[in-house]
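This report refers to the structure that appears directly beneath it.
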Amino acid sequence: MGKIFYVMGKSSSGKDTIFANILGRKELHLNQIILYTTRPARANETDGVQYHFVNEEKLNELERAGKVIELRAYQVVGGVWKYFTVDDENIDLQNKDYIAIGTLVSYEKLREYYGTDKIVPIYIEVADDVRLERALIRERGQASPNYDELCRRYLADNKDFSEENIRKAGITRRFCNNGDRLRCMDEIASFISETRKKS
């Protein structure tokens, strides 16, 4: 039986880079679950790679069809962005293992949908000062930097990923990404290999 390894962490914790690295390790034989969003693509993002970028009309269509597993809406400067997971019939847990990326709330929703034994959390942890510095560097590289949104996300994540919420979600293992990113990635790859051997 397959598993979904679910990568999560606060904004600018490096989870996107770590996710891409782990997915690219052919020896792990992981398949990607691509989330959906109504937010605009960033400068370095491609539709169908980081996310499926869709409009509200498409979201409504998927909801009417009963395909949306979980959905999160965020009030941002300039509107509302939605992120969601869709049961688009591409997930075969009978025969394959997957890797996905999201939030603590989305992790809990997928765990409810697929079962506790199918979802394995991979929580990336970074010191707040390091995370803020990385967020500023990333935002400066955008075509139209949005520092208000950067600050909103930073503060919201501190609340969403509170120690109490992490505890409630049953997450006990953390992977530190303060400095040596390759070491962090190697630790996660080893953890995935060990977890699969036990199942």
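The table that follows gives values for the structure above.
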quantity: Filter result (open to solvent by 70 Å² or more (accessible area, probe 1.4 Å), assigned to a helix (DSSP H, G or I) and in contact with a helix residue (DSSP H, G or I) (Cβ under 9 Å, 6 or more places away or on another chain)) within segment 182-199; calculated: L182
quantity: Per-region count, segment 156-199, residues among the β-branched types (V, I, T) and within 15 Å of E27 (Cβ to Cβ); calculated: 3
quantity: Selected residue [part of a helix (DSSP H, G or I), open to solvent by 70 Å² or more (accessible area, probe 1.4 Å) and out of contact with any Asp or Glu (no Cβ under 6 Å at 6 or more places or on another chain)] from V130, V105; calculated: V105
quantity: Segment 49-72 - residue that is basic (K, R) and under 20 Å from I101 (Cα atoms) and, of those, least open to solvent (accessible area, probe 1.4 Å); calculated: R72
quantity: Any hit, segment 11-29, residues being β-branched (V, I, T) and surrounded by fewer than 17 Cβ atoms within 10 Å (Cβ to Cβ); calculated: yes
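Residues checked against (1) over 19 Å from R72 (Cβ atoms); (2) over 18 Å from the mean Cα position of the chain (by Cα); (3) acidic (D, E):
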{"site": "R138", "(1), (2), (3)": "yes, no, no"}
{"site": "A156", "(1), (2), (3)": "no, no, no"}
{"site": "I188", "(1), (2), (3)": "yes, no, no"}
{"site": "T195", "(1), (2), (3)": "yes, yes, no"}
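The values are calculated or read from the model by the stated rules, or taken from the named source; none is laboratory data. From a predicted model like this one, the values you see are computed outputs, not experimental measurements. Please note: Cβ atoms are built from the backbone with ideal geometry, for glycine as well, and neighbour counts cover all protein chains shown. These accessible areas exclude ligands, DNA and RNA; they are computed on the full protein's heavy atoms, side chains included. Shrake-Rupley method; radii C 1.70, N 1.55, O 1.52, S 1.80 Å.
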